[in-house]
Amino acid sequence: MLLLALDTATPAVTVALHDGTDVVASSAQVDARRHGELLLPAVDRLLAGAGLRLDAVTGIVVGVGPGPYTGLRVGLMTADTFGLALGVPVYGLCTLDGLAYASDLEGPFVVATDARRKEVYWARYADARTRLSGPAVDRPADIADEVAGLPAVGAGALLYPDAFPNAHEPEHVSAAALAGLAAERLAAGEELPAPRPLYLRRPDAQVPKNYKVVTPK
């Protein structure tokens, strides 16, 4: 087994290789505006550094969000393209699940990422592998009572300390964590979800309401 994992649902452009037992290599660059520019070069560098070719990959793991439309679709389209070109399966995992897995927290806790517009994408977890609810998108003040007293991880939690007073790293998801979680679930015989995006809300860019359609005469 050789899994190529990637995620662009947060400002981090992150990729990793996993052989089913351990992470072979991983990298991450934080730049919310350059997902499309950074992802493929990162994959090339990772494979070259590990002395491997792309055709050695037996499966693709991609974070499906929730996340902003523009960034999220870069990872999903790249994963689909790799899967088609190589003839290998493409597995989708919730980006928040990757953050939870990397946290190593044992008790109930919350994962929250920055959703912009003064909102967070968030979910509640029983432990690092078990999601209890979510994902959802809300204003931190609106869920403060619901998450009160719970530890929290992720950039959204760190950004709003009033709602998440017990917040700490990891800030962004790592593809290494996604790959490790996917490898663990596949080894247990679990069926992983299809790579379908979790947008949770409409994209920021929309056609103006008074847009005038011009047709040829």
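What does the charge dipole of the chain about its Cα centre add up to, to the nearest 20 debye, if the Cβ of each Lys and Arg holds +1 and the Cβ of each Asp and Glu holds -1? Using Cβ point charges on Lys, Arg, Asp and Glu, the chain gives about 1240 debye.
Centroid-to-centroid, using Cα positions, region 125-195 and region 64-95 are 19 Å apart.
For the chain, the alpha carbon convex hull comes to 143 Å³ per residue, rounded to a whole number. In this simple spin-label model, placing a label point 7 Å from the Cα along the Cα-to-Cβ direction at both Asp80 and Arg53 gives a separation of 2.8 nm.
For region 66-71, just list the computed ³J(HN,Hα) in residue order, Karplus coefficients 6.51, -1.76 and 1.60, θ = phi - 60°, integers in Hz, with x standing in for Gly and Pro. Each residue's phi maps through the Karplus curve to give x, x, x, 4, 5, x Hz.
Could you sort Val90, Val23 by their accessible area in this structure, using a 1.4 Å probe and putting the largest first? Please report the intermediate quantities before stating the final value.
Working: Val90 30, Val23 70 Å².
If we order Val90, Val23 from most to least accessible, we get Val23, Val90.
Test of the criteria: in region 85-173, which GluC sites (Glu not before Pro) are in a DSSP loop and have at most 14 other Cβ atoms within 10 angstrom of their Cβ?
Values: sites: Glu106, Glu119, Glu146, Glu171; in loops: Glu106, Glu171.
The qualifying sites are Glu106.
Heavy atoms only, 1.4 Å probe, whole protein assembly: order Asp142, Asp127, Asp22 by accessible area, highest first. Mind dumping the intermediate values first?
Numbers: Asp142 115, Asp127 55, Asp22 90 Å².
Output order, biggest surface exposure first: Asp142, Asp22, Asp127.
Since only Val111, Thr70, Ser133 are under comparison, the one whose Cα sits farthest along the positive direction of the charge dipole of region 64-144, derived from C-beta charges on Lys, Arg, Asp and Glu, is Thr70. Of the residues Ile143, Val61, Ala79, the one whose Cα sits farthest toward the positive end of the charge dipole of the chain, with +1 on the Cβ of Lys and Arg and -1 on the Cβ of Asp and Glu, is Ala79. Surface exposure of the chain, expressed per residue as accessible area with a 1.4 Å probe, stands at 51 Å². The heavy atoms of Leu158 offer some 70 square angstrom of accessible surface to a 1.4 angstrom probe. Qualifying trypsin sites (Lys or Arg not before Pro) in region 4-98, where qualification requires a DSSP coil assignment and no more than 11 other C-beta atoms within 10 Å, comprise Arg33, Arg53. Roughly what % of DSSP beta bridges within region 1-144 run antiparallel, to the nearest 5? Taking every DSSP beta bridge with both residues in region 1-144, the antiparallel ones total about 75 percent. At the residue level, Arg116 shows approximately 110 square angstrom of accessible surface with a 1.4 angstrom probe and all protein chains present.
When the solvent-accessible area of the chain is split by element, carbon and sulfur atoms take up 51 percent of it, the probe being 1.4 Å. Between Asn166 and Asp44, the FRET efficiency from the beta-carbon distance, with R0 = 45 Å, is close to 0.70.
Give me the percent relative contact order of region 1-145, please, defined on Cα pairs under 8 angstrom at least 6 residues apart. Kindly include the intermediate steps, with their values, before the conclusion.
Details: 286 pairs, mean separation 27.2, N = 145.
Over region 1-145, the number comes to 19 percent.
Each helix, a run of at least 4 DSSP H residues, gives -39500 (n - 2.57); summed and divided by the residues of the chain, these come to -10000 deg cm²/dmol at 222 nm. Mind pulling up the Rg/Rh value for region 73-122? Radius of gyration and Kirkwood radius, both on Cα. Radius of gyration relative to Kirkwood radius: 1.12.
For region 1-129, what is the charge dipole size about the Cα centre, in debye to the nearest 20, if Lys and Arg each add +1 at the Cβ and Asp and Glu each add -1 at the Cβ? Mind showing how you got there, number by number?
Numbers: 10 positive and 14 negative charges, 96 e Å.
Charge dipole, region 1-129, about its Cα centre: 460 debye, nearest 20.
Stretching the chain fully between Leu132 and Ala148 yields a gain of 4.2 nm (0.36 nm per residue, less the alpha carbon separation).
Please compute one quarter of the surface area of the Cα convex hull for region 4-49 and express it in square nanometres.
Numbers: hull surface 12.0 nm².
So the Cα hull casts an average projection of 3.0 nm².
Size descriptors for region 37-155 (Cα atoms only): Rg and Dmax, in that order, 16.7, 50 Å.
Here, region 21-80 has an Rg and a Dmax of 12.3, 33 Å when only alpha carbons are counted. Three principal axis extents of region 126-201 based on alpha-carbon atoms, in descending order, are 40, 26, 20 Å.
The values are calculated or read from the model by the stated rules, or taken from the named source; none is laboratory data. For clarity, every value in this text was computed on a predicted model and none was experimentally measured. As a convention, Cβ positions derive from the backbone with ideal geometry for all residues, glycine included, and neighbour counts pool all protein chains shown. Surface accessibility is based on the protein's heavy atoms, side chains included, excluding ligands, DNA and RNA. Shrake-Rupley method; radii C 1.70, N 1.55, O 1.52, S 1.80 Å.
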